[in-house]
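For reference, the structure is listed below as structure tokens.
The values are calculated or read from the model by the stated rules, or taken from the named source; none is laboratory data. What you see is a predicted model, and the numbers here were worked out from it, not measured in a lab. Every residue, glycine as well, gets a Cβ built from its backbone with ideal geometry; the counts of neighbours run over all protein chains shown. To get the accessible areas, we keep the full protein, side chains included, count just its heavy atoms, and leave off ligands, DNA and RNA. Shrake-Rupley method; radii C 1.70, N 1.55, O 1.52, S 1.80 Å.
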Amino acid sequence: MNLTAEEIQNNWLRLIGFIEDHISEPRKTKVLEFYKQYSERLMLMPAAHKKEYHNAFPGGYVEHVNRVITCALHLHELWGQMGADLTTYTKEELVFSALNHDLGKMGSEEEESYVPQTDNWRREKLGEDYMFNTKVPFASVPDRGLYLLQAHGISYTFNEMLAIQTHDGLYDEANKKYLMTYMPEQKPRTSLPFILHQADLMASRIEFEREWLPKFQNNLDTQKKSFTLDNNKKSSPIISATKAKALSTIKSEGLKTLLDNL
Ligand SMILES: [Fe+2]
């Protein structure tokens, strides 16, 4: 998938809009300064280096982050409707965490994490349009993201730290200490990490489907249709015969009519 220059520009403006609308002063100014300082890099970054992963194309990073923020805002409403305690975190914490959850993917202040692939074989055979930049010393994505924020004087709350740190859920073994504890007092005191993880999972899955399902089109079964008992009644003579036999054993006419209409 490729984005046009206009789409990349619009996605960037949307991302800045999320900061303008949801991050409060005095932090907003610092966050905007940071994003403006690295705008060219962030605007064109892929979200991953391999096609097999999600959004591995120019502009894929911002497109992914915008989707995660949007999913997180919707999931926030849903968790609230289902009874989660939304007073344990703020909407600003939700948007700040979603905005910066993958920030560590940008690399160090001097060097980008992903650079164009120089090996033609890997590009053609493995679909790797990008490769890791070996000049960047290793750090996990959450650790690097949190480092970059503090290095630019952008403070974050305890909730935001926890959500960014654990946004990969149990896909990252290091998160077990936060997410797999059976001690109530050690469990997160807010649903924010779970909501952010769900939002990231949802966005990544949608990006995978968009990229790969059309390529598998010839291998897929015919499109699934909604199944109802009504379809079943018309299409299955075996079930109809079984049902008729079962109904013949019922004496109550009222009950017979009721069951026959199911
Ligand atoms: Fe992500």
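Points to keep in mind about this one:
- Close contacts from the range 145-168, counting a first residue that is more than 16 Å from the ligand (Cβ to nearest atom) and a second that is polar (S, T, N, Q), with Cβ to Cβ under 6 Å and a gap of 6+ residues or different chains, come to Asn159/Thr190.
- The lone criterion from (1) among the small types (Gly, Ala, Ser); (2) open to solvent by 40 Å² or more (accessible area, probe 1.4 Å); (3) more than 24 Å from Thr157 (Cβ to Cβ) left unmet by Ser24 is number (3).
- For Phe138: the one exception among (1) in contact (Cβ under 8 Å) with a residue 12 or more places away in the chain; (2) surrounded by fewer than 21 Cβ atoms within 10 Å (Cβ to Cβ): (1)
- All conditions but one from (1) surrounded by fewer than 19 Cβ atoms within 10 Å (Cβ to Cβ); (2) within 16 Å of the ligand (Cβ to nearest atom); (3) among the acidic types (Asp, Glu) apply to Glu173; the one that does not is (2).
- Selection within the range 176-208: residues that are β-branched (Val, Ile, Thr) and within 14 Å of the ligand (Cβ to nearest atom). The member of this set that is least open to solvent (accessible area, probe 1.4 Å) is Ile195.
To keep it simple, each residue is scored yes or no on (1) more than 23 Å from Thr90 (Cβ to Cβ); (2) more than 22 Å from the chain's Cα centre (by Cα).
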{"position": "Val115", "(1), (2)": "yes, yes"}
{"position": "Thr118", "(1), (2)": "yes, yes"}
{"position": "Arg122", "(1), (2)": "yes, yes"}
{"position": "Gly145", "(1), (2)": "no, no"}
{"position": "Tyr182", "(1), (2)": "yes, yes"}
{"position": "Pro188", "(1), (2)": "no, no"}
{"position": "Leu196", "(1), (2)": "no, no"}
{"position": "Glu209", "(1), (2)": "yes, no"}
{"position": "Leu213", "(1), (2)": "yes, no"}
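- Helices (runs of 4 or more DSSP H) enclosed by the range 22-105 - at least 2 residues per element that are within 16 Å of the ligand (Cβ to nearest atom) and among the small types (Gly, Ala, Ser): 60-81, 91-100
- For Gly169: the one exception among (1) modelled with pLDDT under 95; (2) within 13 Å of the chain's Cα centre (by Cα): (1)
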